[in-house]
1. Pick out the one residue from Asp421, Asp434, Asp450 that is within 28 Å of Val587 (Cβ to Cβ) and among the acidic types (Asp, Glu).
2. In the stretch 121-132, which residue that is over 20 Å from the mean Cα position of the chain (by Cα) and among the acidic types (Asp, Glu) is farthest from Tyr488 (Cα to Cα)?
3. Mind checking which residues of the stretch 66-85 are over 17 Å from Val645 (Cβ atoms), touching a Lys or Arg at 6+ places or on another chain (Cβ under 9 Å) and surrounded by 17 or more Cβ atoms within 10 Å (Cβ to Cβ)?
4. With respect to Val128, is the statement that it is farther than 30 Å from Arg33 by Cα, without any contact (Cβ under 8 Å) to a residue 24 or more places away in the chain and in the same structural domain as Val399 (by TED's automatic domain parsing) true?
5. Counting just the residues of the stretch 430-444 that are part of a strand (DSSP E or B) and surrounded by 15 or more Cβ atoms within 10 Å (Cβ to Cβ), which one comes out nearest to the chain's Cα centre (by Cα)?
6. Can you name the residue in the stretch 445-482 that is β-branched (Val, Ile, Thr) and assigned to a strand (DSSP E or B) and is also nearest to Gln148 (Cα to Cα) among such residues?
7. Can you tell me which residues in the stretch 184-218 are outside any loop (DSSP other than H, G, I, E, B) and either touching a residue at least 24 places away in the same chain (Cβ under 8 Å) or not assigned by TED's automatic domain parsing to the domain that holds Val245 (or both)?
8. Are there strands (runs of 3 or more DSSP E) fully within the stretch 323-379 with at least 2 residues that are over 21 Å from Ala485 (Cβ atoms) and in the same structural domain as Thr517 (by TED's automatic domain parsing)? List them.
Amino acid sequence: MLCKYVLTVDSISYDIPKSCIQNWDEIKFSRKRSGLEGITRTFTSKFQFVGEAYDLILEEYLSKYLASNASITVYTITNSHTYEEFFSCRLDFGSLTYDGNTVSINSIDDSVANIIKANKGTQYEYSVDEIKDVYQLYYDSVSMNYSQPHTLGGNTVENDASLQYIVIDKGIYVEAITYSLPLYISGGELPSRDSPLEFYDAPQESKDDPNVFVKALSDIDIVLNFSFEYYISYSDAYTTKAEIVLGGRYEDGRLVELKRWGYNKGDVTPSNLNESIKIHLTKGQALFFDLKVTFNRVNASTGNIYFRNFKFETRFTSRANPIYVDAIRPIDVLNRLLKSMNGGNEGIYGEIASGVDERLDNCVILAAESIRGIPQAKLYTSYTKFKNWMETVFGFVPVINGVTVFFKHRDKLFSDNNVKDLNSSFSSFEYKVDSSRIYSLVRVGYDKQDYESMNGRDEFRFTTEYTTGIDITDNVLELISPYRADVYGIEFLSQKRGQDTTDSESDNDVFFVCASTTLHDNGGVQTYKEYRLIRSGWEISGVLDPETMFNTMYWQGGILQANAGYIGMFTKKLSYSSSDGNSDVVVNGIGMKDDFNVESGIITCGDVSFTTYNEDIPPTDDETIKILKDDLVYEGYIKEVSSTVERNEGVKYDLFVRSITKA
């Protein structure tokens with residue numbers, strides 16, 4: 001390959017002969033993939049200058065020290081006998097060495113790929129106010145189950161923890177007396193915001209207005225679950241009857257009896273209550289339990305009512321009121337990351353393919369601090385986290401084209417278009433299996449979160465493991481998203497709004513939801529001035545409330561489908577092994593525990609290498625390379641292709657093999 005070299009020093013260009021570059025025969029250029037992504041370029045990292053070039057570079061260094069500025073550009077001749085730029089790079093004066101004859105200096109790869117490589121792991125902090133979309137997310141929550149237990153406020157009995165008693169101290173001469181059954185709040189789980197119920201302790205008192213244990217703040221259906229035995233003390237000669245009364249109190253003070261249970265002195269066995277009572281309360285209504293005791297004559301004696309194994313709780317389902325959360329488009333996060341990695345400068349631009357996956361087209365990102373409602377909320381992320389999220393959840397990988405970083409689906413990089421047929425014009429053929437692309441286990445989903453809630457057991461967007469049926473390796477494929485899609489994680493953060501709580505690790509997390517300003521409903525289209533959660537189109541069962549569940553489309557099955565071509569590289573079937581979360585979910589008729597079958601892979605686990613004396617390096621990323629060897633046709637894609645610029649040694653190919661067929 002005939003080349004021309006131009007050395008630029010302090011903005012002045014000098015054509016230099018090949019003899020001024022001592023290591024001219026080592027100058028290499030290659031195009032290679034990092035994994036199954038787009039192709040990037042690499043070239044020689046060190047130049048050794050002699051002669052005129054030695055003098056120019058040394059003079060620049062001695063006059064300007066570390067402010068020196070120089071670059072080298074390599075041109076190759078075309079078929080029309082003109083020169084075109086092959087590659088260009090700046091020279092790193094921080095690596096300069098010289099011995100009187102030769103100046104050695106490293107090149108600086110300031111390509112977009114190298115800028116990303118150097119900064120991809122850096123975590124940046126962004127003000128949500130600066131990158132948020134004009135539309136907010138209308139977050140209308142998810143229904144959750146709650147319970148409030150009450151304990152009985154009776155006296156305990158020594159050596160019998162299951163037995164309690166209530167002292168009936170008449171104090172005056174009466175034929176009957178009514179007490180509020182002594183109930184006291186004990187633990188439980190209630191909404192942190194917008195609770196439809198208010199619970200109280202109900203002390204044992206005798207008065208016309210009973211002590212209520214719960215009051216409705218809005219219309220609500222509840223279930224009272226209680227079980228216990230009770231009876232009158234055998235030594236009580238005057239108490240003849242003890243009744244438990246469940247009653248309601250209207251907002252205007254009116255009382256109503258809902259149900260009554262009784263025990264008569266002399267009954268052979270204690271009265272055994274085991275009830276589950278459904279009640280609809282309207283706003284302002286309250287409930288109480290009374291204990292009514294009847295005597296066989298007017299007296300003022302003291303008696304005891306005994307209770308054994310007392311259990312009582314109020315259960316209900318509630319959905320918090322809607323709130324607004326700042327939303328960020330993925331493309332805006334990508335472009336801000338590219339700007340940050342470029343030293344805060346414009347010049348590198350991001351694009352994301354649309355119309356491929358509606359789950360991505362309708363995706364918005366939420367900062368944990370925004371969900372909590374923290375003022376001046378921040379988003380914390382890195383390019384690596386963004387890229388891994390795109391690759392895991394959607395199967396999208398970056399392709400660098402000039403100054404543009406374009407995320408597209410991986411399958412689009414491995415099509416059967418643009419076939420380059422090299423026939424048998426090659427040497428040094430070798431085929432080998434790349435064992436690093438063979439996996440015995442696939443872990444898919446999201447990192448498990450620990451919730452302080454019984455509702456957390458309903459969450460299924462954690463990590464699920466599948467076996468591949470391969471036993472020749474112990475490699476594990478990790479398809480784990482660094483961004484979170486767990487609905488209950490979002491809900492629990494939203495319930496912390498307005499609370500003066502300390503910061504937690506989850507405040508730095510990044511969430512995403514499927515939402516749109518345009519929703520299709522009952523054959524029509526409704527447009528909003530805010531993002532609305534998308535629930536239609538994804539039927540789900542096996543969860544507490546399918547109607548309010550969202551982010552169903554980001555379940556493990558969706559991730560597997562997005563990466564099916566990659567998985568098909570090493571197996572045709574995944575078999576369920578285990579899950580960190582709720583594994584009983586079924587989405588659009590497909591269960592979490594079902595086998596996942598793959599029709600084909602984008603490539604195989606085989607690689608083929610060879611050298612051809614055609615010095616043209618394929619210019620496109622998705623070109624299929626075809627060769628013929630021993631009556632077998634090998635088709636594949638570039639893994640790496642390289643050449644030594646000034647040596648006529650041809651081009652060395654390493655290909656991902658897609659198929660091997662008989663000629």
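1. Details: Asp421 fails: within 28 Å of Val587 (Cβ to Cβ); Asp434 fails: within 28 Å of Val587 (Cβ to Cβ).
It is Asp450.
2. Checking each candidate, the answer is Glu130.
3. Correct list: Ala70 only.
4. Details: farther than 30 Å from Arg33 by Cα: yes; without any contact (Cβ under 8 Å) to a residue 24 or more places away in the chain: no; in the same structural domain as Val399 (by TED's automatic domain parsing): yes.
Here the answer is no, as Val128 does not meet what is asked.
5. Quick first cut of the stretch 430-444, residues part of a strand (DSSP E or B) only: 430-433, 441-444.
Narrowing further to those that are surrounded by 15 or more Cβ atoms within 10 Å (Cβ to Cβ): 431, 441-444.
On the way: Tyr431: 39, Leu441: 20, Val442: 17, Arg443: 14, Val444: 11 Å.
Ranking the qualifying residues of the stretch 430-444, first place goes to Val444.
6. Residues of the stretch 445-482 β-branched (Val, Ile, Thr): 463-464, 467-468, 470, 472-473, 476, 480.
With assigned to a strand (DSSP E or B) added as a condition, the list becomes 463-464, 467, 476, 480.
Numbers: Thr463: 31, Thr464: 33, Thr467: 42, Val476: 44, Ile480: 36 Å.
Per the stated criteria, the residue is Thr463.
7. As a first pass, look at the stretch 184-218 and keep what is outside any loop (DSSP other than H, G, I, E, B): 184-185, 189, 197-199, 202, 214-216.
Hits for the stretch 184-218 are Tyr184, Ile185, Glu189, Leu197, Phe199, Ala202, Val214, Lys215, Ala216.
8. Values: elements: 323-326, 349-352, 363-367.
Per the criteria, 349-352.
The values are calculated or read from the model by the stated rules, or taken from the named source; none is laboratory data. All figures in this text were calculated on a predicted structure; none of them were measured in a lab. Note that we place each Cβ from the backbone using ideal geometry, even for glycine, and neighbour counts take in every protein chain shown.
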